[in-house]
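Visitor: The following block contains the structure, expressed as structure tokens.
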Amino acid sequence: MMISLPTRFEAYGAVKIFELSRVLELDSLGMSSKPSGTHTLDYETMEEYAASTAIVVPVKDEELITLEGVLRAIPHASPIVLVSASQVSPVDVYSREVELARTLHSVTGREILVIHQRDPAWAEVLAGTPLEDMLSGGAVRSGKGEGMILGVLAAAGIGARYVGFIDSDNYVPGAANEYSKIYYAGFSLSESPYTMVRIVWHYKGKLASSDMYLRKRGRVSMHTNSVINYALSRIRRVETDIVRTANSGEHAMSIDLALRMRWAGGFAVEPYQIVQLLEDCFLGLEGGSCRLLPEGVNILQIEARNPHIHAERGDEHIAGMLAESLGTVYHSRLGSDEEVRERILGLLKDYSYEGEPPKPRVYSLEGIDPDKTLSTLLAESQMAHYFK
Ligand code: GDP
């Protein structure tokens, strides 16, 4: 794979946000020279990074064939962690996912860990730990962010150095394959131990019953990006449009960063990553709340070549997701500016959402022992399966 080197970055305290870089070649097989201004990942280096990157796939009642396409697209060397919140009754969707993983493993030999978010074993595993807050009614709360946190713990527990996320509602297996390679490329490029790689879609579309339309940006991310950029512009008094990936479900980071960050529940999870890094390591730098010093964090934003084609959801889903996303800014120090809050409320009104957006539920992974968490889960659970 060959990507363009980002030409500039903006530094906000200890947070460096790089301008967009692009995939120049999906596959650089046969390339001997490395053109300047580019970063090429040869097969050997790619394999090294692949082997140390676990790919977490959150899933909740998606079509099995779509999930299968994603799982088959992830390079063999990367262990997969499938975190499911799918139903077990009346139809046992989860057991089909387990069967799919078992088959994949038995045919290809690839490593795959399957865990369920509502597994009662979590109650025992998380009781008395800082993540006890995630429990509700004897199991982990529903929500995408909560699922991703379990994915991070599992990835760290199996010894990965990096963790990447790929949504399971992706109809183009080639895109999932490309995202994985972009993560490896980003990690090999960055010098900080605290690195995050976020994908920008070239085009995005949804499969609806009507004709497909390829959008340049998602409806939610367009607004979240603009609000974060607006808040940053107001703070610095210099206009910026640097943030392009606020809602990027497709993103990856070093485990060192993942374990030091706080995480938000539900659909607030992705924008909250950026918001809290800016809160702690830019606005809160003086107060000593940044745990990523002295190295600081690098946020790379890389545009994939494949279109991002995913399932169509209704307007209500969009409004709820937008509210959860903008709630991260509204209730943060970035949102202490009246103008920013007014803008958020105005945007939500356009989506018929009245009132203040919800405050994100926030979890800290500090003090958690991922090895112990995973081994206790595997020992106690009737639902978790580790095919390796
Ligand atoms: P969108 O694609 O951004 O509109 O959001 P989706 O609702 O499709 O969710 C993105 C991904 O997260 C999909 O792969 C879903 O199957 C998955 N997902 C959504 N909610 C949950 C959840 O509560 N737990 C888990 N584990 N996965 C979820």
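The values are calculated or read from the model by the stated rules, or taken from the named source; none is laboratory data. Note that this is a predicted model, so its numbers are computed, not measured. As a convention, Cβ positions derive from the backbone with ideal geometry for all residues, glycine included, and neighbour counts pool all protein chains shown. Quick note on the areas: whole protein, heavy atoms, side chains included, nothing else; ligands and nucleic acids left out. Shrake-Rupley method; radii C 1.70, N 1.55, O 1.52, S 1.80 Å.
Visitor: Do you know which residues across segment 245-265 are within 16 Å of the ligand (Cβ to nearest atom) and open to solvent by 10 Å² or more (accessible area, probe 1.4 Å)?
Guide: Within segment 245-265, just N247 meets the criteria.
Visitor: Residue by residue through segment 20-72, note down the ones that are away from the ligand (no atom under 13 Å from the Cβ), of a type in the set (A, V, I, L, M, F, W, C) and open to solvent by less than 40 Å² (accessible area, probe 1.4 Å).
Guide: L20, V23, L41, M46, A50, A54
Visitor: For segment 156-171, how many residues are of a type in the set (S, T, Y), within 13 Å of the ligand (Cβ to nearest atom) and open to solvent by 10 Å² or more (accessible area, probe 1.4 Å)? I'd like the intermediate steps shown before the answer.
Guide: Kept after step one, since they are of a type in the set (S, T, Y), are these residues of segment 156-171: 162, 168, 171.
Next cut, within 13 Å of the ligand (Cβ to nearest atom) only: 168, 171.
Cutting the leftovers down to open to solvent by 10 Å² or more (accessible area, probe 1.4 Å) gives us 171.
Here the count works out to 1.
Visitor: How many residues, within segment 107-155, are within 11 Å of the ligand (Cβ to nearest atom) and either without any contact (Cβ under 8 Å) to a residue 40 or more places away in the chain or of a type outside the set (S, T, N, Q) (or both)?
Guide: Total satisfying the criteria: 15.
Visitor: Could you figure out which of (1) outside any helix (DSSP H, G or I); (2) more than 14 Å from the ligand (Cβ to nearest atom); (3) open to solvent by 10 Å² or more (accessible area, probe 1.4 Å) isn't true of G174?
Guide: Every condition holds for G174 apart from (1).
Visitor: Does segment 79-98 contain any residue that is hydroxyl-bearing (S, T, Y), under 30 Å from E191 (Cα atoms) and open to solvent by 10 Å² or more (accessible area, probe 1.4 Å)?
Guide: no
Visitor: Scan segment 314-336 residue by residue and report those that are within 16 Å of the ligand (Cβ to nearest atom) and in contact (Cβ under 8 Å) with a residue 60 or more places away in the chain.
Guide: I318, M321, L322, S325, L326, T328
Visitor: Oh, and also: So, restricting to strands (runs of 3 or more DSSP E) that lie completely within segment 243-356, which ones have at least 1 residues that are under 24 Å from M148 (Cβ atoms) and charged (D, E, K, R)?
Guide: Values: elements: 251-254, 262-264, 297-303, 308-311.
Once the strands (runs of 3 or more DSSP E) in segment 243-356 are filtered for at least 1 residues that are under 24 Å from M148 (Cβ atoms) and charged (D, E, K, R), what remains is 262-264, 297-303.
Visitor: Output the qualifying pairs, or none if there are none: Cβ atoms under 6 angstrom, residues six or more apart or on different chains, first residue in segment 216-235 and more than 15 Å from S325 (Cα to Cα), second residue open to solvent by less than 20 Å² (accessible area, probe 1.4 Å).
Guide: The qualifying pairs are L232/T240; S233/T240.
Visitor: If you go through segment 345-358 one residue at a time, do you hit one that is within 27 Å of M261 (Cα to Cα) and either hydrophobic (A, V, I, L, M, F, W, C) or in contact with a strand residue (DSSP E or B) (Cβ under 9 Å, 6 or more places away or on another chain) (or both)?
Guide: Scanning segment 345-358, I find no residue that is within 27 Å of M261 (Cα to Cα) and either hydrophobic (A, V, I, L, M, F, W, C) or in contact with a strand residue (DSSP E or B) (Cβ under 9 Å, 6 or more places away or on another chain) (or both), so the answer is no.
Visitor: Moving to a separate point now. Quick check: anything in segment 321-328 crowded, with 22+ Cβ neighbours inside 10 Å, within 16 Å of R198 (Cβ to Cβ) and touching a helix residue (DSSP H, G or I) at 6+ places or on another chain (Cβ under 6 Å)?
Guide: Yes, that holds for at least one residue.
Visitor: Now for a separate question. Restricting attention to segment 234-241, does a residue exist that is open to solvent by less than 40 Å² (accessible area, probe 1.4 Å) and in a helix (DSSP H, G or I)?
Guide: No: segment 234-241 contains no residue that is open to solvent by less than 40 Å² (accessible area, probe 1.4 Å) and in a helix (DSSP H, G or I).
Visitor: While we're on this one: Out of everything in segment 266-297 that is under 30 Å from N170 (Cα atoms) and surrounded by fewer than 23 Cβ atoms within 10 Å (Cβ to Cβ), what residue ends up being farthest from the ligand (Cβ to nearest atom)?
Guide: Taking the candidates together, the pick is Q276.
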